[in-house]
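For reference, the structure is listed below as structure tokens.
The values are calculated or read from the model by the stated rules, or taken from the named source; none is laboratory data. Because the structure is a prediction, the values reported are computed rather than measured. No Cβ is skipped: glycine too gets one built from the backbone with ideal geometry, and neighbour counts run over all protein chains shown. The accessibility values were calculated without ligands, DNA or RNA, using every heavy atom of the protein model including side chains. Shrake-Rupley method; radii C 1.70, N 1.55, O 1.52, S 1.80 Å.
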Amino acid sequence: MTDEQENARMKTYIILGGGGSFGVHTALYLLAHANARKVICVGRNPEKSEPFTLNVGKGDPRYAYHQVHIGYEQDRLFELFDAEKPEVIISYAAQGEGAVSWKKSWRFFETNCVALVKMAEDLLQRKYLERFIQIGTSELYGSVDFAAKEDTPIQPTSPYAASKAAFDMYLLSVSKVLKFPMNIIRPSNAYCPGQLLHRVIPKAVVCGLTGRKLPLQGGGRARKSYIHARDLARAIHLVTEKAPLGKVYNAGPPAPISIRDLIAKVAEGFKMPFEKLCEITGDRLGQDSQYWLDSSAIKQDVGWQPQISLEEGIQEMIAWGRKYIEFLKDYPVDYVLRA
């Protein structure tokens, strides 16, 4: 293959919400495994410090980070799009914390629906875009006692989930009628080194390293499904390369786990008693009892299934915590809602 032919097959990827941990791991994966011309992360904040960025793209001329707010700076965003002409745009961009969405709910719709619809409508005019990947959420299906399929009726049970559902419905309509080149991936709960500390696994790791106790809401009865963000990144890459346009894919492990059993695995990783790591507190408002996905469609269409076991992933989280504990021990553990 000539250099010209090879260059023609290379792609530029732009990751929205690229300042977050999942965006970081997707960038790391694409730089390592995709035939990437460039990987550009876009986030609303300045790039975070090393414990959260994991030095993504350091020394790699293919990588760049841009601070752009997709709600208030779409002129700057499209200047970037039109300069780089990305074949693939991956969107993690969201107000992403369902537990706090009962107040100032309009902020969730402002970002998760209105800003993204405005952007997608303008992207319809950009011929360079080959595929838009929207990262949705398993919370759309609400609490289920079976593995939800992609055509399971959605039952969002928080303003956050409702705002995510609204943009999914928009994408499905413009894909069908206007041929917008998109796919939606609805992952289970993802986790990874670099994840902010209001999430349960990194918070549990820091508690285990500092002797604090993790507040276990409702005794950890809720059951959720967890995948490593590197497995999610691989799903995104496979869908980008192989999936038919317009399809929705669930991406999760075969079975859910209770939060109590999840924290027990973290305690086992530290070789400490479960009771030393956590304390029981009241349940949070609107807590769904179980998230569970049927991911057979993505396996059938592109050959994806999770590869990183929960035990392996937790050991990786503990190693990350130990490496950066001097920084993490004083880092805030509460979520702050910002514009």
Hey, among 290, 305, which residue is at pLDDT 95 or above and not basic (Lys, Arg)?
305
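Residue by residue, here is whether (1) surrounded by fewer than 22 Cβ atoms within 10 Å (Cβ to Cβ); (2) out of contact with any strand residue (DSSP E or B) (no Cβ under 8 Å at 6 or more places or on another chain) holds:
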{"position": "86", "(1), (2)": "no, no"}
{"position": "97", "(1), (2)": "yes, yes"}
{"position": "102", "(1), (2)": "yes, yes"}
{"position": "112", "(1), (2)": "no, yes"}
{"position": "119", "(1), (2)": "yes, yes"}
Meets criteria (open to solvent by 50 Å² or more (accessible area, probe 1.4 Å), touching a Pro at 6+ places or on another chain (Cβ under 7 Å) and either within 19 Å of residue 225 (Cβ to Cβ) or not in a helix (DSSP H, G or I) (or both)) for residue 311:
no
Qualifying residue in the stretch 207-222 (condition: in contact with a helix residue (DSSP H, G or I) (Cβ under 7 Å, 6 or more places away or on another chain), modelled with pLDDT of 95 or more, within 19 Å of residue 92 (Cα to Cα) and open to solvent by 10 Å² or more (accessible area, probe 1.4 Å)):
no
Looking at (1) of a type in the set (A, V, I, L, M); (2) more than 19 Å from residue 186 (Cβ to Cβ); (3) buried (at least 22 other Cβ atoms within 10 Å of the Cβ), which is the one condition that is false for residue 239?
(2)
Which one of these does residue 150 not meet: (1) part of a loop (DSSP other than H, G, I, E, B); (2) modelled with pLDDT of 95 or more; (3) open to solvent by less than 10 Å² (accessible area, probe 1.4 Å); (4) of a type outside the set (Val, Ile, Thr)?
(3)
Residues being closer than 25 Å to residue 282 by Cβ and open to solvent by 20 Å² or more (accessible area, probe 1.4 Å) - total across the stretch 179-206:
6
